[in-house]
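Remarks on the structure that follows.
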Amino acid sequence: MEQILYYLLLIILLGSSIFAIATKNLLISVITLTVFSGSLVMLYVFLQAPDVALAEIVISGGITTGLFIVTISKTEGLE
């Protein structure tokens, strides 16, 4: 059962990374990267690395996503 969860998380990681690169909308790309980060956090928890998972969710899930969204909203009209 654990192997199925590992493979499912790896498939979600691969799919979300490909979708984030392939999409044209920047906001959707940032949201997809947040899904990637959440899947990575779950993988770290299953691998029994809660300290790494906590750092990942704070930095990548919170701070980086917030900065990306603020930057995209401030530069939406500029091309």
**OP:** Round to the nearest 10 and give me the degree value, 0 to 90, for the angle of helix 2-22's Cα axis relative to the longest principal axis of the chain.
**Re:** 10
Subject >> Reciprocal of mean inverse Cα separation for the stretch 1-78 (Kirkwood radius, Å) >> reply: 13.3
Original post:
What is the distance, in nm, between label points placed 7 Å from the Cα along the Cα-to-Cβ direction at Ser17 and at Ala49?
Top reply: 1.3
**OP:** Count the net charge of all other residues whose Cβ sits under 14 Å from the Cβ of Met42, scoring Lys and Arg as +1 and Asp and Glu as -1.
**Re:** -2
**OP:** State the extension gain, in nm to one decimal, for the chain segment bounded by Tyr6 and Thr64, taking 0.36 nm per residue of separation less the distance between their alpha-carbons.
**Re:** 18.3 nm
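Every number here is computed from the coordinates shown, using simple stated rules; none is lab data. Treat the numbers as computed from the prediction; the structure is a model and nothing was measured. With ideal geometry, Cβ positions are generated from the backbone for all residues, glycine too; neighbour counts draw on all protein chains shown.
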